[in-house]
Amino acid sequence: KNVTVSHSIIGIRSRIESNVVIENSMLMGADYYESAAEREAALAQGIPPVGIGENSHISRAIIDKNARVGRNVKIINKDHVQEAERVEQGFCIKDGIVVVLKDGQIPNDTII
């Protein structure tokens, strides 16, 4: 799968696709496993499946339970923002740490 994880905690039932880098982060995992049929149905509706999509990079972040992070997503706080409330977009930033909210959805190709 070519996944790199460093200085991070990966919670139970976390699904991480290929070519993902996770560093200095915490993934809370999921409350349930999403079946192949449920994953396909989500993708058909343009919703990322539960977990971390392929070719994504997560650094200094907390990914809460059941979060859906799409493909080619960069959660790296590129603008070095200290505080931001973006609940409608599925995340917030506290003390420079990006927090993807429980059941939050981050679409494909998003850069935070």
- Message: I'd like the Karplus ³J(HN,Hα) series for region 57-72: coefficients 6.51, -1.76, 1.60, θ = phi - 60°, whole numbers in Hz, and an x wherever there's a Gly or Pro.
- Response: 10, 10, 9, 6, 9, 10, 10, 6, 4, 6, 5, 10, 10, x, 6, 6
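On a full-extension model of 0.36 nm per residue, what is the gain between THR4 and ALA42, subtracting their alpha-carbon distance, rounded to one decimal in nm? Present the calculation step by step, with values, prior to reporting the outcome.
Numbers: separation 38, 0.36 × 38 = 13.68 nm, distance 2.59 nm.
Full extension from THR4 to ALA42 adds 11.1 nm.
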- Item | Selected from GLY70, ASN2, ILE93, residue furthest toward positive end of dipole (the chain; charges at beta carbon) | ASN2
- With charges set only on the Cβ (+1 for Lys and Arg, -1 for Asp and Glu), what does the dipole of region 70-112 come to about its Cα centre, in debye to the nearest 20? 180 debye
- Note on the structure: Sorted by chain and number, the residues with a modelled amide H under 5 Å from that of GLN105, at a separation of 5 or more or across chains, are ARG68
- Residue with peak Gaussian network fluctuation, the chain [Cα springs, cutoff 10 Å], from SER35, SER25, SER56: SER35
- Query: If you place +1 on the Cβ of every Lys and Arg and -1 on the Cβ of every Asp and Glu, how big does the dipole about the Cα centre of the chain come out, in debye to the nearest 20?
  - Reply: 220 debye
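Report the antiparallel proportion of the DSSP beta bridges in the chain as a percent, rounded to a multiple of 5.
Counting only bridges with both partners in the chain, antiparallel ones make up about 30 percent.
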- Note on the structure: The percentage of the accessible area of the chain (probe 1.4 Å, all protein chains present) made up of carbon and sulfur atoms, to the nearest whole number, is 50 percent
- Message: Using the Cα centre of the chain as origin and beta-carbon charges of +1 (Lys, Arg) and -1 (Asp, Glu), tell me which of TYR32, GLN45, ILE106 is placed farthest towards the positive end of the dipole.
- Response: TYR32
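Using a probe radius of 1.4 Å on heavy atoms only, what accessible surface per residue do you get for region 1-73? Whole Å² is fine. Let's see the in-between values first.
On the way: 3830 Å² over 73 residues.
Value returned for region 1-73: 52 Å² of accessible area per residue.
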- Message: List the residues, sorted by chain then number, that are 5 or more residues from VAL99 or on another chain and whose placed amide H is less than 5 Å from its amide H.
- Response: ILE62, CYS92, ILE93, LYS94
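Quick one: grab the alpha carbon gyration tensor of region 18-89, order the square roots of its eigenvalues as a ≥ b ≥ c, and give me rounded if a/c is under 1.5, else prolate or oblate depending on whether a/b is larger than b/c.
prolate
The values are calculated or read from the model by the stated rules, or taken from the named source; none is laboratory data. Note that this is a predicted model, so its numbers are computed, not measured. Here the Cβ is made from the backbone with ideal geometry for all residues, glycine too, and neighbour counts use every protein chain on show. The protein model used for the area step is the full one, side chains on, heavy atoms only, and it has no ligands, DNA or RNA in it. Shrake-Rupley method; radii C 1.70, N 1.55, O 1.52, S 1.80 Å.
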